[in-house]
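Peer 1: Starting off with a structure, shown below.
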Amino acid sequence: MERNPQLNAKGELQHLLSIEGLPREILVQILDTAESFVGVTEREVKKVPILRGKSVFNLFFEPSTRTRTTFEIAAKRLSADVINLNIAVSSQTKGESLLDTVANLSAMQADIFVVRHASSGAPFLIARNVKPHEHVVNAGDGRHAHPTQGLLDLYTIRHYKKEFTSLRVAVVGDVLHSRVARSLIHGLTTLGVPEVRVIGPQTLVPVGVESMGVRVFHDMREGLRDTDVVVMLRLQNERMKGALLPSAQEYFKHYGLTLEKLALARPDAIVMHPGPMNRGVEIDSSVADGPHSVILPQVTFGIAVRMAVMSIVAGN
Amino acid sequence: MRIQIKNGRIVDPASGRDGVGDLYIADGKIAAEGTADRVIDARGMVVAPGFIDISARLREPGFEYKATLDSEMNAAVAGGVTSIACPPDTDPVLDEPGLVDMLRRRAKALARARVYPIGALTVKLEGERLTEMAELAEAGCVAFSQANAALVDTQVLWRALQYAATFRFPVWLRAEEAALAKGGVAHDGEVATRLGLPGIPSFAEIIAVNTILELVRATGARVHFCRLSTAGAVELLRAAKREGLPVTSDVGIHHLHLCDRDLGYFDPNCRLEPPLRSQRDRDALSRGLEEGAIDCICSDHTPVDDDGKHLPFAEAEPGATGLELLLPLTLKWGEARKLPLAKTLARITSDAARILGVTQGRLAPGAPADIAIFDPSATLRVAPENLKSQGKNTPFLGYELAGRVRYTLVAGGVIYEA
């Protein structure tokens, strides 16, 4: 099998494509670097010159506002030039192939491509076809991975819980379609979390997910018991009716996070959500806005984590 | 031209013969003895019946940008393949006698491997109306199939099998329950879960095999199951044969050697139909082939151009090139299972001939002189520049495989030598 395509010959991070397969040291390096950037984001002048003169291309083949914006802010705080391309509505509809689009942008002297694509593995294809000095950062590919989201989740957990090796973490909801869940699970197991749980109805839990090192629960109450961290996943509208789930109401009743269910977790448990939230579908407002919620700090940390990732890959 | 092939290790799976000796050819047929205008010294080489590949896409008509009859026939004879059955999924689909006739003429004019078209079972492979099977058979179709196209309506499948059974036409089917396979691009298991690829569950194949077997019981149709991919299907075929049903099956070379783990980091060359399944399935296919639940091996040769493969995994066009790898990968299987060479080669000669209903695939006197002479220890490095096929898409890129063809003869004529 080919070498892990996101590492260079020295084993350093060349691209960030997936958390899977990254050594613990690199994850810790990213989290530590992010920590140093949190200070920057709180200063009055929120800029460092690390990527001055570099160009970051935000290549979004799938619509996104939140992730694209946080990448843009992160790149600007590193003093990079940022170019946003919303390809979902331009060249793809003109029939240009993915690799042609990338080759064209590469000719415009890109340094970092931040890529979101609806097809799992697309950033790997791009990474295999860019020039040696160019770096690819996966901003979400299909159901496969969303590594910067996973990293910001890890950052948040470390921020509140200090260490990973005694935690019980539950990931709740639509794991089947969730790239966020996959990235987070790989990160948690790599950093030594002893118990990662996945909670959801059988229709939303992918086959063989246990091989990723998780325990599967179909009963949310049982799964939440004594957890330190509860990560709620977004349930997309189109999943709520049809063959996967009968209705949003029934889903909320069994898998929505309420104060009553949260009471089964540890008293100091934190609640996370990658956003955007569906209040009343996967999470009750009283929880989302309550004292256990760290959903907004996640967003703040996300900028520092993306700064860390871009500064590390561009420096390697 | 009369030819003597001398000093070769003659392996004839049909008779079980395996020993050093001489072979004579006269009038396009194999003879026990005779005189020669040309002598081929086959010392150190194996002399076997030419290989029969019961599934190879030649891409004509309609997909000439992917491959042409000319390029793929070169690939075939370089691989020692002397008879090819080609599926009907061309453009237009092989659903009219005129198209079949044209394909056969074009193939004949090239004078390389023999080509046996498989006719479409339904018009345009749409799964709705039956084709004129009798007309197509007259034009030269040896069986009828849906290729990889779904046949959603079980009523149509039942009628198609009834109709084919009326004329004793064999029907070749890839068993896959369309509703369960819909949208899937990889085996529904741990690997697809990790990679976030939509899966096709094993039971999509198993349920379809069960359905078809029930229809075979009802209609008496002769059904050949194409490209088995699951352990469950192998078990069903084993039982069906024990029951005496008129069914046979094959496996593709890729599924015999690879599994879903080989997808690695989304290798689009591993995007195949059916998908590469688990290690356990692969092992069951390998064993089933040895024990006879599966009858033969095919390359399922599907040349795809670079544009079709330089795409994210799910969007990449399925298929792999294989004609030139049929022998080496068959040998690799036989070696792994420690089989005598005759038994190994049977799976791409006499057994394949039986499925196809042709008289080739054996070296008995009087048989058509379709012969492959190969060096079993010489290796082929699988690389684009070493493949004659226009399709360079194979998961085996970079492999060193033993077994290189030195001479290929069809109807007594040497059509390839290297």
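Bear in mind that the values in this text are calculations on the coordinates, not laboratory data. Please read these numbers as outputs of a predicted model, since none were measured by experiment. Virtual Cβ from ideal backbone geometry, glycine too; neighbours counted across all protein chains shown.
Peer 1: What angle do you read, to the nearest 10 degrees and between 0 and 90, between the alpha-carbon axis of helix B:202-219 and the longest principal axis of chain B?
Peer 2: Roughly 80 degrees between the two axes.
Peer 1: Take A:ILE83, A:ILE50 and order them by how many other Cβ atoms sit within 10 Å, fewest up front.
Peer 2: A:ILE83, A:ILE50
Peer 1: Separate question: How long are the semi-axes of the equivalent ellipsoid of segment B:191-342, taking √(5λ) for every eigenvalue λ of the Cα gyration tensor, in whole Å from largest down?
Peer 2: 26, 19, 14
Peer 1: Evaluate E = 1/(1 + (r/R0)^6) for B:GLU126 and A:ALA243, where r is the Cβ-Cβ distance and R0 equals 22 Å; express this FRET efficiency to the nearest 0.05.
Peer 2: Step by step, r from the Cβ atoms, then E = 0.30.
Peer 1: Longest span of chain A, sites excluded, free of GluC sites (Glu not before Pro) in DSSP loop with at most 12 other C-beta atoms within 10 Å?
Peer 2: Result for the longest clean stretch: A:164-316.
Peer 1: As an exercise, use a Förster radius of 22 Å and the Cβ-Cβ distance of A:GLU25 and A:LYS162 to find the FRET efficiency, rounded to the nearest 0.05.
Peer 2: 0.70
Peer 1: Which three extents, in whole angstrom, do the alpha-carbon atoms of segment B:312-372 cover along their principal axes, largest first?
Peer 2: 52, 27, 19
Peer 1: Now a separate question. Taking a quarter of the surface of the Cα convex hull of the protein assembly as shown, what do you get in nm²?
Peer 2: Over every viewing direction, the Cα hull of the protein assembly as shown projects on average to 33.6 nm².
Peer 1: Oh, and also: Write down the radius of gyration of segment A:1-41 and its Dmax, each obtained from C-alpha positions, in Å.
Peer 2: 12.0, 41
Peer 1: Still on this structure: Radius of gyration and Dmax for segment B:280-418's Cα atoms, expressed in Å?
Peer 2: 16.2, 52
Peer 1: Provide Rg over Rh for segment A:199-240; use the alpha carbon set for both Rg and the Kirkwood Rh (inverse mean inverse pair distance).
Peer 2: Using Cα coordinates only, the ratio equals 0.97.
Peer 1: Same structure again: Using amide H atoms built in the peptide plane, which far-off residues or other-chain residues are under 5 Å from B:GLY8 H to H?
Peer 2: Residues meeting the criterion, in which the H sits 1.01 Å from N, are B:GLY21, B:ALA42.
Peer 1: Still on this structure: Just to be sure I follow: if Rg is taken over the C-alpha atoms of segment B:73-153 and Rh is the Kirkwood radius over the same atoms, what is Rg/Rh?
Peer 2: Rounded to two decimals, Rg over Rh is 1.01.
Peer 1: Continuing with the same structure: Return the percentage of antiparallel bridges among DSSP beta bridges fully within chain B, rounded to the nearest 5 %.
Peer 2: Once the DSSP bridges in chain B are tallied, antiparallel ones form about 50 percent.
Peer 1: What ranking of A:PHE60, B:PHE63, B:PHE203, B:PHE313 emerges when the number of other C-beta atoms within 10 Å of each C-beta is taken as an exposure proxy, fewest first?
Peer 2: Lowest to highest Cβ neighbour count: B:PHE203, B:PHE63, A:PHE60, B:PHE313.
Peer 1: Over all alpha-carbon pairs of segment B:199-275, lay out the pair-distance distribution in 10 Å bins, whole %, shortest bin first.
Peer 2: For segment B:199-275, the binned pair fractions read 17, 47, 25, 10, 1 percent.
Peer 1: In sequence order, what are the phi-derived ³J(HN,Hα) couplings for segment B:117-126 according to the Karplus relation 6.51 cos²θ - 1.76 cosθ + 1.60 with θ = phi - 60°, rounded to whole Hz, with x for glycine and proline?
Peer 2: Rounded to whole hertz, the list is x, 9, x, 6, 7, 10, 4, 6, 6, 7.
Peer 1: On to the next question. Reported to two decimal places, what Rg/Rh ratio describes segment A:1-128 when computed on Cα atoms with Rh from the Kirkwood expression?
Peer 2: Across segment A:1-128, the Cα-based Rg/Rh ratio is 0.97.
Peer 1: Long-range amide H contacts for B:LYS29: which residues qualify at under 5 Å (H placed 1.01 Å from N, peptide plane, sequence gap of 5 or more or a different chain)?
Peer 2: B:ALA369
Peer 1: Also, I was wondering about something else. How much space per residue, in cubic angstrom, does the convex hull of the C-alpha atoms of segment A:35-191 take up?
Peer 2: 132 Å³
Peer 1: Based solely on C-alpha atoms, express the radius of gyration and the Dmax of chain A in angstrom.
Peer 2: According to the Cα coordinates of chain A, Rg and Dmax are 19.2, 56 Å.
Peer 1: Using helices alone, I'd like the mean residue ellipticity at 222 nm for chain B: each DSSP H run of four-plus residues gives -39500 (n - 2.57), total over residue count, nearest 500.
Peer 2: Calculated mean residue ellipticity at 222 nm is -9000 deg cm²/dmol.
Peer 1: P(r) of chain B in 10 Å steps, Cα pairs, percent per bin?
Peer 2: Result returned by the calculation: 5, 24, 34, 27, 10, 2, 0.
Peer 1: Still on this model: Please report the antiparallel percentage of DSSP beta bridges with both residues in the protein assembly as shown, rounded to the nearest 5.
Peer 2: Rounded to the nearest five, the antiparallel share is 30 percent.
Peer 1: Sort largest first and round to whole Å: the equivalent ellipsoid semi-axes of segment B:1-77, each the square root of five times a Cα gyration tensor eigenvalue.
Peer 2: Three semi-axes, in Å: 32, 15, 11.
Peer 1: Would you kindly calculate the translational diffusion coefficient of segment A:163-316, applying Stokes-Einstein with the Kirkwood radius from alpha carbon pairs, for 25 °C and a viscosity of 0.890 mPa s, and quote it in µm² s⁻¹ without decimals?
Peer 2: D, rounded to a whole number, is 154 µm²/s.
Peer 1: Kyte-Doolittle mean at least 1.0 and Cα extent at least 27 Å along the axis: which DSSP H helices of chain A qualify?
Peer 2: Taking the DSSP H segments of chain A (at least 27 Å long, mean hydropathy at least 1.0), we get A:295-315.
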